Amino acid sequence: MPAIVIVGAQWGDEGKGKIVDIYTEHADMVVRFGGGPNAGHTLVVGDDKLVVRLVPSGILRKDTTCVLAQGMVIDPTSLVTELDELERRGIVTKGRLLVSDRAHVILPYHVLVDGLREKGKGAIGTTKRGVGPCYEDKVARRGVQLGAFRDPAKLREHVARALEAWAPTVKHLGAELPSADDVLAAIEPTRARILPMLVDSQALVERAVREKKKVVLEGAQGTLLDVDHGTYPFVTSSSPTAGGACVGAGVGPTRIDEVVGLVKAYTTRVGGGPFPTELHDDVGERIRKIGAEFGSVTGRPRRTGWLDLPALRYAVRVNGLDALAITKLDVLTGLDEVKVCVAYDTPSGRTRDLPMDELEHAKPVYESLPGWKEELGSARAMTDLPRAARSYLDLVEKEAEVPFILVSTGPRREETIVLRDPFRP
Ligand code: GDP
Ligand code: IMO
Ligand code: MG
């Protein structure tokens, strides 16, 4: 199995960091293909916790090459801060962390615009990291690619071109744009650090795949945040679905061997937008507390709710999922009953599909299952799980029509039941 894609099947924060870290134990390369510092992927090893934003979650595996591909948007200051943090922890990045020279650069005016818009009535609850405005520049064909760092005159020209385009928007938002000099001065200290890491990542990744190296394409965000397939307009500005992996990394779909979806045993969402199975009661609060459901980038409390099977089936189809990994099953321990949404009642009738056009008016139809009291973190095989937890997993697997290959029962590496590793058939 040389090339696998790992994507979030919900609204992000499914535990991609933990699972990618586990599956990169035997991988040669791990590639982030989209998004930027809006992501926060948590890695827990022993008592140590590390949150990576731009850097792939394979960074802890010293023999794994980590690549930031051209589908990403990269804030150079965030990247350097992350490099410093990794170095402080003794993690070597030199020579094994490579960055596409065609990835787009998040610049101070992107962050400014993102923040200003979030103060207005069109706010959607972004991470305010400038991700949306940077992708806007990219599709408007006036973005700045990291390769421009090699040529200061070109860099200045591209920054000036973008500033000119943003001027009316920023004026309308009642603020002032920084000058090109200010923008260039802000990024100058990062240039020397980033230049040696720049590569043609498409050629690198495609060659690795062709040579049958073990490559993980690591998703950020989640299916329902996809700009085409998510709960638009409450989405991010990239394509976190499996197709986005091919576009963002530059690998043809025929070269992908397996697509794995990650799903939490319940649902969370940060920011605005529809969330039909959201809980506004003590159970929702309990899940937030026990699951430590606070944004790893912004610290915002995550909204919590029951698992949504119509949404999961949607993710299975949109991504063509071959397998599922389920995380945070332990968080449901101690509940008397566990509910799961199996269908929706909508103004046009009952449906087992996610009624994307009617989500605001859709009423979840729940099935209730008995809860369990046993601690799950020490389970290493399915037979170690209490019967009620297994019944819950059986229902999810049957309804999703995709097999589980991993069950996660805690944030640590060892708190995992690995049923199959795609790299160790
Ligand atoms: P990502 O963005 O998909 O990588 O997920 P985040 O790192 O933002 O959020 C997932 C959180 O859940 C992190 O704090 C993880 O350490 C934690 N986590 C991952 N898997 C499990 C699990 O099975 N059980 C528990 N209790 N926590 C988990
Ligand atoms: P990971 O990779 C959860 C959400 C934001 C907001 C919307 C748009 O850690 O799973 P943006 O800043 O991207 O323009 O915000 O998308 N969002 C995430 N939610 N996890 C993420 O990443 C997210 N990245 C963006 O909260 O609702
Ligand atoms: Mg996250």
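Look at where the Cα atoms of the range 47-91 and of the range 191-233 average out, and the two centres are 13 Å apart. If R0 is 41 Å, the Cβ-Cβ spacing of ARG352 and ASP282 corresponds to a FRET efficiency of close to 0.90. Ratio of Rg to Rh for the range 296-398: 1.00 [Cα atoms; Kirkwood radius as inverse mean 1/r over pairs]. Label point 7 Å out from THR81 along Cα-to-Cβ: which residues of the range 291-325 have amide N under 14 Å? Answer for the range 291-325: 296-299. DSSP beta bridges fully contained in the chain are about 40 percent antiparallel. Only helices enter the 222 nm calculation for the chain: every DSSP H run of n ≥ 4 contributes -39,500 (n - 2.57), and dividing by all residues gives -9500 deg cm²/dmol, rounded to 500. Computed from label points 7 Å out along Cα-Cβ, the spacing between SER179 and ARG88 is 3.3 nm.
Charge dipole (Cα centre; +1 on Lys/Arg Cβ, -1 on Asp/Glu Cβ; no other charges) of the chain amounts to roughly 740 debye.
Taking Cβ atoms as reference points and 15 Å as the exclusive limit, the residues near PRO233 contribute a net charge of -4, counting Lys and Arg as +1 and Asp and Glu as -1. Each peptide in 251-257, 54-60 was scored by the mean count of other Cβ atoms within 10 Å over its residues; highest first, the order is 54-60, 251-257.
If you average 1/r over all unlike Cα pairs in the chain and invert the result, what Kirkwood radius do you get in angstrom?
About 22.0 Å, per the Kirkwood formula over Cα pairs.
Summing +1 for each Lys or Arg and -1 for each Asp or Glu, what net charge is found among the other residues whose Cβ lies under 13 Å from the Cβ of VAL45? Charge balance in the 13 Å sphere: +1.
Over all other residues within a Cβ to Cβ distance under 13 Å of SER179, the charged ones net out to -3, with Lys and Arg as +1 and Asp and Glu as -1.
Heavy-atom accessible area with a 1.4 Å probe sorts LEU173, LEU68, largest first, into LEU173, LEU68. Legend: P(r) of the range 204-354 from all alpha carbon pair distances, 5 Å bins from 0, whole percents, reading 2, 8, 16, 19, 19, 15, 10, 7, 3, 1, 0. Take 340-347, 87-94 and order them by the average number of nearby Cβ atoms within 10 Å per residue, most first; the result is 340-347, 87-94. Of the GluC sites (Glu not before Pro) in the range 146-215, the ones in a loop by DSSP (not H, G, I, E or B) with at most 15 other beta carbons within 10 Å are GLU176, GLU211. When each of the peptides 357-370, 270-283, 129-142 is scored by how many other beta carbons lie within 10 Å of its residues on average, the order from highest to lowest is 129-142, 270-283, 357-370.
The values are calculated or read from the model by the stated rules, or taken from the named source; none is laboratory data. Just so we're clear, the structure is a prediction, and the values are computed from it rather than from any experiment. Neighbour counts are summed over all protein chains in view; Cβ atoms, including those assigned to glycine, are modelled from backbone coordinates with ideal geometry. For accessibility, only protein heavy atoms count, side chains too; no ligands or nucleic acids. Shrake-Rupley method; radii C 1.70, N 1.55, O 1.52, S 1.80 Å.
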